[in-house]
Amino acid sequence: MDTVSHHGRETAYRTTSFEEGDPVLYVHGSGGDHRVWVEQYGPQGIGPAAAVDLTGHGESDDEDLPAGEACLDAYADDVVAVAEATGARTLVGNSMGGAVALWVALERDLPLDALVLCGTGAKLGVGDDLLAMLDDEYDAAVEAVHAPDLLFHDADAETVERSKSLLTDTGGPVTARDFRTCDRFDVRERLDEVTVPALALTGEHDGMTPPSFTEYLGEHLPDCETAILDDCAHLSMLERPDAWNERVRSFLR
């Protein structure tokens, strides 16, 4: 893992380079880390890659961040620091990572060539029951989000266990902060400011950010393609990596 220092903290990221060109920068969702993108930054993925561990995740330093805009700002700073360190000009974000990518496009001066917004939306609400469970019964919350047609539709057991391990490694306080930051995210009135070409996609069975969220992005971003992938849910890049990579690779050409 590489690191970059900024704003008094160290942010870790992984880079791979199986092809020529500038890297794509991958941004994970709530409770995850760079490993959620293993099918994209590996040799069968989409070319040169950088995958960030946001503040408090993976090998990155944590900060005492309140949920909401302050947390979103910190995560955006992580992304900008890694992008500047690696030369990445394309951001790929899943779920909360998609919100962070949109926030960078809206609130930072980073030059961007493209956005890929996976299993995300212009507004990300989270149910009160799940928020309470994240605080009080974290292990049960991890199991709950792995119920059918939330994170996964019909993924193999190894993939599901790998996903559960990521949430366990991140822990309750940071994951709860992430979900509360998602719950307060709403940029529906600002999508016309995002002029960079975008691709929004998710799985047809995504119960976390339903396909209607993807369709909304396609209708309201100025330059946005959409794709709904068969036989997968919220973590479509893990559940259907070949189809996901093919669609994203086609967009980025």
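What to note about this one:
- Residue under evaluation residue 212, criteria (1) farther than 18 Å from residue 27 by Cα; (2) among the hydroxyl-bearing types (Ser, Thr, Tyr); (3) touching a residue at least 24 places away in the same chain (Cβ under 8 Å); (4) part of a helix (DSSP H, G or I), criterion not met: (3)
- Residue within segment 228-241 that is surrounded by 18 or more Cβ atoms within 10 Å (Cβ to Cβ), within 27 Å of residue 135 (Cβ to Cβ) and touching a Ser or Thr at 6+ places or on another chain (Cβ under 6 Å) present: yes
- Residue within segment 21-28 that is in contact with a strand residue (DSSP E or B) (Cβ under 9 Å, 6 or more places away or on another chain) and of a type in the set (Ser, Thr, Tyr) present: yes
Residue-wise test of (1) buried (at least 24 other Cβ atoms within 10 Å of the Cβ); (2) over 15 Å from residue 170 (Cβ atoms).
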{"site": "5", "(1), (2)": "no, yes"}
{"site": "10", "(1), (2)": "no, yes"}
{"site": "14", "(1), (2)": "no, yes"}
{"site": "31", "(1), (2)": "yes, no"}
{"site": "49", "(1), (2)": "yes, yes"}
{"site": "63", "(1), (2)": "no, no"}
{"site": "67", "(1), (2)": "no, no"}
{"site": "71", "(1), (2)": "yes, no"}
{"site": "92", "(1), (2)": "yes, yes"}
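- Looking only at segment 81-90, and only at residues there that are in contact with a helix residue (DSSP H, G or I) (Cβ under 9 Å, 6 or more places away or on another chain) and crowded, with 21+ Cβ neighbours inside 10 Å, the one that is nearest to residue 188 (Cα to Cα): 90
- Looking only at segment 94-142, and only at residues there that are without any contact (Cβ under 8 Å) to a residue 40 or more places away in the chain and small (Gly, Ala, Ser), the one that is surrounded by the most Cβ atoms within 10 Å (Cβ to Cβ): 141
- Of residues in segment 65-74 being touching a residue at least 60 places away in the same chain (Cβ under 8 Å) and in a helix (DSSP H, G or I), the one nearest to residue 4 (Cα to Cα): 74
- Among residues of segment 157-177 that are more than 26 Å from residue 65 (Cβ to Cβ), those with a beta-carbon under 6 Å from a residue that is of a type in the set (A, V, I, L, M) and surrounded by 14 or more Cβ atoms within 10 Å (Cβ to Cβ) at least six positions away or on a different chain give the pairs 159/238.
- Matching residues in segment 91-114 - criterion: being over 18 Å from residue 190 (Cβ atoms) and either aromatic (Phe, Trp, Tyr) or touching a Cys at 6+ places or on another chain (Cβ under 6 Å) (or both): 94
- Hits in segment 32-59 - residues which are part of a loop (DSSP other than H, G, I, E, B), modelled with pLDDT of 95 or more and not aliphatic (A, V, I, L, M): 32, 33, 53, 55, 56, 57, 58, 59
- Taken over segment 113-136, the criterion of being among the charged types (D, E, K, R) and either outside any loop (DSSP other than H, G, I, E, B) or within 23 Å of residue 68 (Cβ to Cβ) (or both) is satisfied by 123, 128, 129, 135, 136.
- Among residues of segment 222-246 that are over 27 Å from residue 190 (Cα atoms), those with a Cβ under 7 angstrom from a residue that is basic (Lys, Arg) and buried (at least 19 other Cβ atoms within 10 Å of the Cβ), sequence gap 6+ or separate chain, pair up as 231/240; 232/240.
- Put simply, of 62, 109, 22 the only residue that is more than 28 Å from residue 213 (Cα to Cα), in a loop (DSSP other than H, G, I, E, B) and out of contact with any Pro (no Cβ under 8 Å at 6 or more places or on another chain) is 62.
- The lone exception for residue 87 - which of (1) farther than 20 Å from residue 15 by Cα; (2) more than 15 Å from the chain's Cα centre (by Cα) it fails: (1)
- Qualifying residue in segment 156-172 (condition: closer than 20 Å to residue 72 by Cβ and outside any helix (DSSP H, G or I)): yes
The values are calculated or read from the model by the stated rules, or taken from the named source; none is laboratory data. From a predicted model like this one, the values you see are computed outputs, not experimental measurements. Reconstructed Cβ throughout: ideal geometry from the backbone, glycine too, with neighbour counts over all protein chains shown.
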